[in-house]
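Structure first, then comments.
The values are calculated or read from the model by the stated rules, or taken from the named source; none is laboratory data. Please read all numbers here as calculations on a predicted model, not as lab measurements. For neighbour counting, all protein chains shown are included, and Cβ atoms are generated from backbone atoms with ideal geometry for every residue, glycine included. Ligands, DNA and RNA are stripped out before the accessible areas are found, and what is left, the full protein with its side chains, is counted by its heavy atoms. Shrake-Rupley method; radii C 1.70, N 1.55, O 1.52, S 1.80 Å.
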Amino acid sequence: MGLTILCLILYLYKKKRYLIYSALTLLITFSSGIVSNFIWLTIEYPLKRLEISSLQKAGAIVVLSGSNNSPRFSAGIDLFKAKKSNKLIFTGGVNPYSEDKTPRGDISLKKAISLGIPSENVYTTRIVLNTFQEAKAIKNLINTKIDLEKKGIILVTSAFHMKRAKKVFEREGIKVQAYPADFNGKKIKTIYSNPLNWFPSARSLGSSTMGIREIIGRIIYRAL
């Protein structure tokens, strides 16, 4: 949408017809379910769904902030109940653009306890705004307040975010086992067989935007 609006603004100044065509092309292309799904398959590759039994025990299970009804939260609970670690940590993410400034980690901690996770085994970090801060907060927590029985962590986040998050945590000297919790990309046959995916939609445009944002984030994080 940003590029589309930019093309339209430039058209107002330059009056070049190709800018209108460019705006329409961008809008129609990235509103396609086919294109949106291709973007997600690209950024999630080569990750795949893992069996919990395939993971080794770790010092802690770290769940990065997301919706408290998301697969990330459920995956963290499942890993704890499978005894992959006796430490469950939620990061204290907040949305700076939301009126509700309650850290998601606090909400997740309370919900985990209500589901039967012992309060002495579940933790949350200080408030964090991005993956860099999450990694540093986790490192500080395990260096100062949590005595890990085993080295390393099981990192739980969405598949599209895992590649970037894993590298950031490893830069902090933390050994990581990746456990991608949810996938947005659909099988190619499923996408092609649904005729609605061939037509532009606001949902596909939003999905494409999220995917491109993650690609930009990877480029920025790699440069830092």
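Inverting the pair-averaged 1/r between distinct Cα atoms of the chain gives 19.3 Å as its Kirkwood hydrodynamic radius. The simple Förster model, with R0 at 25 Å and r as the Cβ-Cβ distance, assigns PHE132 and ARG203 a FRET efficiency of 0.25. Report the FRET efficiency, 1/(1 + (r/R0)^6), for LYS139 and ALA82, where r is their Cβ-Cβ distance and R0 is 30 Å, rounded to 0.05. Computed FRET efficiency for LYS139 and ALA82 comes out at 0.75. Summing Cβ point charges (Lys, Arg +1; Asp, Glu -1) relative to the Cα centre of region 108-224 gives a dipole of roughly 320 debye.
The portion of the accessible surface of the chain made up by carbon and sulfur, rounded to a whole percent, is 59 (1.4 Å probe; DNA, RNA and ligands excluded).
State the answer as a single residue: which of TRP198, ALA137, ILE153 lies farthest towards the positive end of the charge dipole of region 129-224, with beta carbon charges of +1 for Lys and Arg and -1 for Asp and Glu, about the Cα centre. Comparing the listed Cα positions along the dipole, TRP198 ranks first.
The stretch between ASP100 and TYR13, if pulled fully straight at 0.36 nm per residue, gains 27.3 nm over its current Cα-Cα span. Kirkwood's formula applied to the C-alpha pairs of region 152-222 gives a hydrodynamic radius of 14.1 angstrom. Take the Cα of MET1, go 7 Å toward its beta carbon, and none of the backbone nitrogen atoms of region 155-173 fall under 20 Å from that spot.
Each of GLY105, THR91, SER207 was placed along the dipole of the chain (beta-carbon charges, centred on the mean Cα), and the one lying farthest toward the positive end is SER207. Using the Cβ of GLU51 as centre and a radius below 12 Å, the other residues enclosed give a net charge of +2, where K and R count +1 and D and E count -1.
The relative contact order of region 39-169 comes to 31 percent, based on Cα pairs under 8 Å that sit 6 or more residues apart.
Placing R0 at 45 angstrom, the Cβ-Cβ distance between TYR21 and ARG218 gives a FRET efficiency of 0.90 after rounding to 0.05. For the chain, the solvent-accessible area of protein heavy atoms averages 59 Å² per residue (probe radius 1.4 Å; ligands and nucleic acids excluded).
The GNM of the chain, with springs linking C-alpha atoms under 10 angstrom apart, assigns the highest mean-square fluctuation among GLN177, GLN56, GLN133 to GLN56. Evaluating kT/(6 pi eta Rh) at 20 °C and 1.002 mPa s, with the Kirkwood radius of region 91-219 over Cα pairs in the Stokes-Einstein relation, gives 125 µm² s⁻¹.
Across the chain, the relative contact order, built from alpha-carbon pairs under 8 Å that are at least six residues apart, equals 28 percent. Of the residues THR124, THR91, ranked by 1.4 Å probe accessible area with the largest first, the sequence reads THR124, THR91. Dipole magnitude for the chain: about 560 debye, using +1 per Lys or Arg Cβ and -1 per Asp or Glu Cβ, origin at the Cα centre. Here region 1-97 is described by how far its Cα atoms reach on the three principal axes: 64, 30, 20 Å, from widest to narrowest. Solvent-accessible area of PHE199, all protein chains in place: 130 Å² (probe radius 1.4 Å, heavy atoms, ligands and nucleic acids excluded). Convex hull volume per residue, computed on the Cα atoms of region 47-151, equals 112 Å³.
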